[in-house]
Amino acid sequence: MSELEFRAVSVRYGHGRAAQLAVDAADLVVRDGTTHGLVGESGSGKSTMARIAVGLTPVSGGSILLDGVDITDRAPASRLARRRVQMVFQDPFSALDPRMPIGSSIAEGLLATGRRSSRLDREARVHELLDRVHIDPRRAGESPSAFSGGQRQRITIARALAAEPAVLIADEITSALDVSVQGVVLNLLRELQQELHLTMLFISHNLAVVRYVSDEVSVMRAGRIVEHGGTETVLAHPEDPYTRELLRSVPVMGEPLELEDA
Amino acid sequence: MTIPPAPTPITAAPTPSTPATAGRGERPRLLGGSPRLAFVLRRLLRAAVSLAIVLVASFFLVHLVPGDPVRAALGPTVSPEAVEALRRSLGLDLPLGQQFANYVGGLFTGDLGVSVSSQRPVAATLAERLPTTLMLSVLSFLIAAVGAFPIGVATAVSARGGRRRAVDLGVSGFLGILIAIPNFLLAVLLISIFSVGLQAFPPAGWGQPSQVVLPVIALAIGPLAYLARIVHVEMLRVLDEPYITTARSKRLPGRVLYLRHALPNIVAASLTAGGVVLVGLVAGTVLIETVFVIPGIGSTIVSSITTKDYPLIQGVVLVYAVLVLVANLVIDLALAVLDPRSTIAEA
Amino acid sequence: MRTRFVRTLLTPQGVAVSIGVLVVIAATVFGPILFGDAASARDIASRQQGASLAHPFGTDELGRDLFARVVVATRVSVLLTLGATGISVLGGVLVGVIAAVLPSLARRAVNAFIDILLSFPWLLLALFFSVIWGTTATGAMLAVGFAGIPVFGRLVSTLASSVAGSDFVHAARILGSGPLRTATRHVLPNILPPLLVNMAVHASVTLLSFAALSFLGLGVQAPEYDWGRLLNEGSRRIYVDPMAAIGPGIAIVLTGVVFSLLGELFSERRRNAPLRAVRRRTRAETRAIPVVSDTEPVARASDLRVSFRTEDGGLVERVHGVTLSIDPGEVVGIVGESGSGKSVTAMAIAGLLGPDSLVESDELRFRGIDMTVEPTAAERRRLGLEQAMIFQDPLSSLNPSLSVGRQLREVSEIHGRVPRPAALKRAVDALNLVRIPDPERRLGQLPHEFSGGMRQRAMIAMGLMGSPRLIIADEPTTALDVTVQRQVLRALRDAQRSTGAAILLISHDIALVSGFCDRVIVMRDGRIVEELAADRLEDARHPYTRGLIACVPDMATNRALPLPVIPTDTAATAVAESPEVRT
C-alpha cells in the first residue's frame, strides 16, 4: 500500500505585500498503484506540487501524507518517509552530474533505501536497472555527455527506481525531448507501471500525454485544483470552463484548427 | 513555472509565461514604488555601510600594527620620554572607546591629526595634494572611456561571425599585451622613450601641461585596452542575440543596426566594467605618482608607509577609500539612469 | 579527459604555454644555482655599464650582471607569487565554504561584506595590509595574499551556489545524500576545474602586485631582490641604461602572460571561440530590380545545401539538397525533429544565415531577388518590407532596450519612408489586428512589460508594418502555453488573411502544422522526406511521416497499446527502404 495525499497544501513565496501564492489550498490523492496526471500551464503551480512532495520547497500550510505519515515536517520519521517519494526532473541535461559516471549516479539512488550493500551488490543492481530502462549495462562507466537526451532521461528514471520509491513523481519529463524520443520514454513508463505496480504523479502541460499515461487527472490553474476525476470522465465531460478551454486548444492531427474564438 | 499569475478570465489577455521571471518568486522590494528608486536606495545604504567599515578599519589600522607603533615610528634611538610624549599627543594613551570617539569626532571637524614627520595637519596636506590626484585619474578615465568605445565597437563589428579573423586576432592580441603591461612599467618605458630618448616631455614633476601628458598616458592605456576588450566582447555577444537577427530580418541599415539596436544593450556591462576601471585608476595613481614624482596623495601614501607616519597613513587610506566609494556610487547612479533594466533585474 | 588535455597541449597556444611554463620552472629551480655567482660577482671596473653582448641588460652600480640578477630573481618572485596565491585561494575557499554552511541571514551578511571588500582595488587592500605587516617580503606576501581572499571567496561561493542549485544536487538531496557527501561527491568535483583555471589567472595578477609593491619599495628589501626591486633600481638609472629597467620588466610581463594564458588554455570558455567565416558573397551593385508577377512563387529554393564550419575548421553539411517553392498566399508548414534542418532551411530562404555558414543552391529566390548574393540597396528595401520573421523565443527576439512602438515603426519609417505620425497610426492598426488591447499605451512600453503571448503577437504586428508577401514563423508557439498558442495562431491567420501574405510555419508538432497549414513538408536529417496536403495526412506514404503521425499521443490514442516508435538510429534513407515502421 502506498498512497500520497496532498491535504489543503499552500505554498507562499516572498513576504508581506509582495507574497505570492504558488499553491493555494490544493487537495490531491495519488492512489496506490495508479498514475495520477496533473495538468496545467506555466505558472499554475504544478511543478511546485512536485517540489513540495520531495521536500525541495517547504509548504506554508496543509500537509502531505504518505500512507498516513506526514512527510512535510523535520522529524526523523518524516524525513525517512520522504525518501520513499522520488522525482524525475524535466531537464535530463542538468539532472545528471556531468563529472560522475552514470553507474555511480544510479548507485546513488540506493542510498535512499537505507540498506548498506557491498560493491558487488551495487554493481549488480545498477546493471539490472540499466537493463530495465533499455540501456546497455556495459556503458555504466561512461559519463552523461556520451548519452542523448532520451537516454539520459531513462538513466534518471533508473536512478529514481534504484531508491525503490513508494511514489514516483515525474515533472514534465518529456517536454525537453523530441516527439520520437518522447514515445520511447512514455512506453518505458507504461512498462514500469505494469511490471512494478508503480504509483506515480505525472505532471505535464501536455493534455494528450497526461491522458495517455494517467488513470486519474487533476487540472491546476493559478495554484488551485480546478477539476479532478477519472481521466476519461474529465476529458470527455469537462465541468470547469478552463478545462474546456485547454481541451479546445490541443491541436488534433489532420483537423483544421478552430481559431475564431481565440 | 511556479509563480501563479493573477487570476484572469480565460478569454482575456494571456498570463505571463516568461522563463526569466519563473522560479523563486520576486524578492520583496525595499519600497513599494519604483524599482529604480529602490536600487538607488540600496546602493546608498551599501555605500554608508562601506563607509562605516572604512572608518573602523582606518581607525584600527594603527592598533593592528604588531608591537609599538610609536616606537616604530620614532626609531630605536629616541628616548622613552619622547615616545611617551608622542603617544600622548596622538591620544594613544586614552581608552580605546575614547580614542575612537575622538577620531570620528575629529573627522567631522576636518581634523585628521598631525603628521609625525612634518608636524603639519594631515588635513591640510591632503587638501593640497588631492586635486592633483583627482585631475590625474579623471583625465585618464575620460581618455580611456572615450577611446575604448569606438575601438571596441569597430573591431567587434568587423569581426562579427568570424570574419576578418586575422585582424580580430591581431587586435585582441595587441589589446591583451597592453592589458598585461603594468602601468608602472609602462611609465618607465614612456620616460625612457619620450623623456630620455626624444626629450619631448619632462620625466617628472607636475604643474606644466607638458608634465601631464606622460603620466596620463601611462595611467590610461591599460584601462583603455581593458575597456575596449570588454566593449568588443559584449558587442560580439549582443550581435549574436536573437533580437539582432530580428533587426537583420528587417534589413535595417548598418548604422541603425549597430548604433540603435546593439549599442544600448552593452551599456550595463560596459558601465560595470567602467566602474572597475575607474576604481583601478584611482589606485593606479599610487604607482604613477611615485614614478613621475607627482605631489599627489598617491606618492604621499607610499612615503608615509615608508616613514611609518601613522596619522598621515590613516588620513590617506581614508581619502582613498572614500574616493573608491564615490567612484562606485557614481557608476551605480549612472547605471540607474542609463539602463533601468539592470536595476529591475537585480530586484 | 586525458585525450582532451593532450589535444589542448598540442595546439599552438598549448605548445607556447608549455614552453613558457618549463622556462619559468627551470629559472626558478636552477636560476640561483647556475647564475648565482654571476649575479653576486662585483666588478667595480665594469660598473654601471649599458647593455652589451657580455651584459645583455647591463650592470649595476657594483658591476653585477643584471641579466644574471633577473634570472636569479625568478625564484623569489615566483615563490612569493605562489605563496600569496595559495593564501588567497585557501582563505577564499574557507570564506566561501563558511558562507555556504551559514544560515541564510549570516550568509547574506558575509556575501555583502565580500562585496564591499571587492569594491576596493587590490593595491589599496595590499597597501593597507602592508602597513600592518610591515614592508618586508613576508609582509608583502601576506598583504597581497589577503587582498586576494575576497576574490576567491566570491568565486567559490558563486560556483558552489550555481552547482548547489542544479537538478543533480537536488536529486542527490532527495535520495538522502547528506550535506557532506553531496559537497565532496558533487559540488567539489564540479567547482574544482574552474577554480584551478582562476588560480592560474590570479597568479598572474599576484605576480604584478608583488612587482608593484617591491617597485614602490614596500616589498622585498635589500640585499634580497625580486623583479620589482630590480625594476625599481633600474628605473633610477634609466638615463644611463634603459635595459636595466626594461630587462626585469620583460621578465614580469612574460611570466604574467604565461600564467594567464595557462588559465585561459584550460578554461571552458575557450571552446566557444568564434568560428571562421566561410562566405564571401559577391556584390552586384548594378543589377536591375526584377519585375515580379503575383502569380509566381514568392520563394523558391532548388537543391539548397547549407554547410557550417566546425570547430576544427572543416565544413559539415546540414541541409542536403532541399527543393521547395511557396506560392503567393499559401500556408506551408515544415515539420521535423531537432537536427532535421527545418530552421536552417527557413533561415536560408530568409537570407539570414550568418557568415559562418555556406549556402549553395541551383536557385534561391524571394520574389525574383537572388538570395545567394549580397542584396542591392533597393533589394534590401523590398526584403525589409515584404519579408517578416517570427522566432521561437518572443522575449529575446524583441530588443529589450527599445520601446515596442519604435521597433514597429522602424520598417515603415526606414524602408517605407513613411513619416512618423503615419507610421505610428499604422503601428496602432497592426496591434489592433493582432488583438493587443490599448495599443497606444502599449507602443510606449518596453518588451519586458508584455506577456509572452503578447510579445509574439507584437512580433507578428511588426511583420505587418511593411507589405508582407512571406511571413516565416520558426516555432512561434513552442515557448508558449497551449491556450496562448491559439491566440498567437489566430493573430498569424488574421495577418495572413488581411495581407494575402504566404506563411512558412516551422514546427516540431505535426498536429499543429496539419491544423494550420495548407501543405506539410516533412524533413529529417537535412532532407525532405515527404510533402503532402495538410488534409490528406492519412495518405502519407513515407514510413517516417507515418511514424511521426503515430508516435504522438493525441486525445484518441488507445491507452492499452504502447506507442509506435520510430527507430532513431537509422538514417532517413534507411527508413525509406524499411518496409514498415513498427506499429
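The values are calculated or read from the model by the stated rules, or taken from the named source; none is laboratory data. Being a predicted model, the structure only gives us computed values, none of them experimental. Ideal geometry is used to build each Cβ from the backbone, glycine not excepted, and the neighbour counts take in all protein chains shown. Surface areas here come from the heavy atoms of the whole protein model, side chains and all, with no ligands, DNA or RNA. Shrake-Rupley method; radii C 1.70, N 1.55, O 1.52, S 1.80 Å.
For this structure, a couple of remarks:
- Taken over region B:201-239, the residue count meeting the criterion of being in a helix (DSSP H, G or I) and of a type outside the set (A, V, I, L, M, F, W, C) is 10.
- Matching option when the condition is at pLDDT below 90, among the aliphatic types (A, V, I, L, M) and within 18 Å of C:Ala171 (Cβ to Cβ), among A:Ala77, A:Ala112: A:Ala112
- Residue check for A:Val252: within 8 Å of chain C (Cβ to nearest Cβ) and surrounded by fewer than 20 Cβ atoms within 10 Å (Cβ to Cβ): yes
- Scanning region B:101-113 for residues that are open to solvent by 70 Å² or more (accessible area, probe 1.4 Å) and not polar (S, T, N, Q), we see that the one that is farthest from B:Tyr310 (Cα to Cα) is B:Phe108.
- So A:Glu108, is it of a type outside the set (S, T, N, Q), touching a residue at least 40 places away in the same chain (Cβ under 8 Å) and surrounded by 21 or more Cβ atoms within 10 Å (Cβ to Cβ): yes
- Enumeration of residues in region C:497-510 that are open to solvent by 10 Å² or more (accessible area, probe 1.4 Å) and not basic (Lys, Arg): C:Ser498, C:Thr499, C:Gly500, C:His508, C:Asp509
- Considering residues of region C:209-237 that are out of contact with any Ser or Thr (no Cβ under 9 Å at 6 or more places or on another chain) and of a type in the set (A, V, I, L, M, F, W, C) only, the residue surrounded by the most Cβ atoms within 10 Å (Cβ to Cβ): C:Ala212
- Residue list for region C:14-31, filter: more than 14 Å from C:Gly256 (Cα to Cα), surrounded by 15 or more Cβ atoms within 10 Å (Cβ to Cβ) and among the aliphatic types (A, V, I, L, M): C:Ala27
- Single residue of region C:219-262 satisfying the filter (facing chain B (nearest Cβ under 8 Å) and of a type in the set (Ser, Thr, Tyr)) that is farthest from C:Gly63 (Cα to Cα): C:Ser260
- Count - residues of region B:302-320 that are part of a loop (DSSP other than H, G, I, E, B) and either open to solvent by 10 Å² or more (accessible area, probe 1.4 Å) or among the small types (Gly, Ala, Ser) (or both): 1
- Residues that are part of a loop (DSSP other than H, G, I, E, B) and over 24 Å from the mean Cα position of the chain (by Cα), drawn from region C:142-182: C:Leu175, C:Gly176, C:Ser177, C:Gly178
Residue by residue, here is whether (1) at positive phi; (2) outside any helix (DSSP H, G or I); (3) not assigned by TED's automatic domain parsing to the domain that holds B:Leu236 holds:
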residue: B:Ala82; (1), (2), (3): no, no, yes
residue: B:Asp93; (1), (2), (3): no, yes, yes
residue: B:Gly97; (1), (2), (3): no, no, yes
residue: B:Leu134; (1), (2), (3): no, no, no
residue: B:Ala144; (1), (2), (3): no, no, no
residue: B:Phe149; (1), (2), (3): no, no, no
residue: B:Ala154; (1), (2), (3): no, no, no
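- Region B:147-158 residues that are over 24 Å from B:Val216 (Cα atoms), paired with ones that are outside any helix (DSSP H, G or I) (beta carbon under 7 Å, 6 or more apart): B:Ser158/B:Arg164
- Considering residues of region A:46-73 that are away from chain C (no Cβ under 14 Å) and at positive phi only, the residue surrounded by the most Cβ atoms within 10 Å (Cβ to Cβ): A:Gly62
- Residue among B:Arg255, B:Arg251, B:Arg260 that alone is open to solvent by less than 30 Å² (accessible area, probe 1.4 Å), without any contact (Cβ under 8 Å) to a residue 12 or more places away in the chain and either assigned to a helix (DSSP H, G or I) or within 30 Å of B:Val153 (Cα to Cα) (or both): B:Arg251
- Restricting region C:32-66 to residues that are open to solvent by 50 Å² or more (accessible area, probe 1.4 Å) and in a helix (DSSP H, G or I), the residue that is nearest to C:Pro223 (Cα to Cα): C:Ser40
- Within region C:135-156, being more than 18 Å from C:Ala203 (Cβ to Cβ) and open to solvent by 20 Å² or more (accessible area, probe 1.4 Å) holds for C:Thr135, C:Thr136, C:Thr138.
- Test result for A:Asp178, open to solvent by 10 Å² or more (accessible area, probe 1.4 Å), closer than 26 Å to C:Cys551 by Cβ, in contact (Cβ under 8 Å) with a residue 40 or more places away in the chain and within 19 Å of the chain's Cα centre (by Cα): no
- Inclusion of B:Ala123 among residues that are part of a helix (DSSP H, G or I), within 30 Å of B:Leu86 (Cα to Cα) and open to solvent by less than 60 Å² (accessible area, probe 1.4 Å) is warranted.
- Every test in (1) open to solvent by 20 Å² or more (accessible area, probe 1.4 Å); (2) under 25 Å from C:Asn232 (Cα atoms) is passed by B:Leu323 save one, and that test is (2).
- Scanning region A:74-108 for residues that are in a helix (DSSP H, G or I), touching a Leu at 6+ places or on another chain (Cβ under 8 Å) and more than 15 Å from A:Arg152 (Cα to Cα) turns up A:Ala81, A:Arg82, A:Glu108.
- The numbered conditions (1) at positive phi; (2) crowded, with 19+ Cβ neighbours inside 10 Å are all true for C:Gly368 except (2).
- Among the residues making up region C:318-338, those that are under 12 Å from C:Ser302 (Cα atoms) and surrounded by fewer than 20 Cβ atoms within 10 Å (Cβ to Cβ) are C:His320, C:Gly321, C:Thr323, C:Ser325.
- Pick from region B:65-83, criterion surrounded by 14 or more Cβ atoms within 10 Å (Cβ to Cβ) and facing chain C (nearest Cβ under 9 Å), ranking: modelled with the lowest pLDDT: B:Ala72
- Within region C:392-408, one or more residues are in a helix (DSSP H, G or I), open to solvent by 50 Å² or more (accessible area, probe 1.4 Å) and farther than 29 Å from C:Ala533 by Cβ.
- Checking every residue in region C:178-189 against the condition of being more than 10 Å from chain A (Cβ to nearest Cβ), open to solvent by less than 10 Å² (accessible area, probe 1.4 Å) and in contact (Cβ under 8 Å) with a residue 24 or more places away in the chain gives zero matches.
- Filtering C:Gly452, C:Gly466 for residues that are closer than 20 Å to C:Pro421 by Cβ and open to solvent by less than 20 Å² (accessible area, probe 1.4 Å) leaves a single hit, C:Gly466.
- Total residues in region B:288-301, condition in a helix (DSSP H, G or I) and either more than 9 Å from chain C (Cβ to nearest Cβ) or open to solvent by less than 10 Å² (accessible area, probe 1.4 Å) (or both): 7
- Region C:511-524: number of residues that are open to solvent by less than 70 Å² (accessible area, probe 1.4 Å), in contact with a helix residue (DSSP H, G or I) (Cβ under 8 Å, 6 or more places away or on another chain) and more than 9 Å from chain A (Cβ to nearest Cβ): 6
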